[in-house]
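Encoded as structure tokens, the structure appears first; notes follow it.
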């Protein structure tokens, strides 16, 4: 069981879920479906965006965090907090682009 919890992908997913929970609580949305969406999107974003975010955050907070595992956890958490915002921005961008291309 210890090996299961030492998996780096699981740790990223848990950090992203924690970020999703924090986002859910800070926007003060009491709806359960929205909260679950925050958690799931935070997990997915943390797992799949970590390869991009970890090197970038390493340059910014590299001296603050102790090792690569802590940097990965911090990155997963921050991505979890901002995952819905970033994914929402991307979706809105593509919808606007599609509308502009269809109107021409």
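Tally the residues that are more than 15 Å from residue 23 (Cβ to Cβ) and either surrounded by 12 or more Cβ atoms within 10 Å (Cβ to Cβ) or in contact with a helix residue (DSSP H, G or I) (Cβ under 6 Å, 6 or more places away or on another chain) (or both), restricting the search to the range 69-104.
7
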Restricting attention to the range 24-41, does a residue exist that is closer than 21 Å to residue 70 by Cβ, surrounded by 11 or more Cβ atoms within 10 Å (Cβ to Cβ) and within 12 Å of the chain's Cα centre (by Cα)?
-> no
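None of the figures in this text is laboratory data; all of them are computed from the coordinates on show. All values derive from a computational prediction rather than experimental measurement. In this analysis, Cβ positions are derived from the backbone assuming ideal geometry, glycine residues included, and neighbour counts consider all displayed protein chains.
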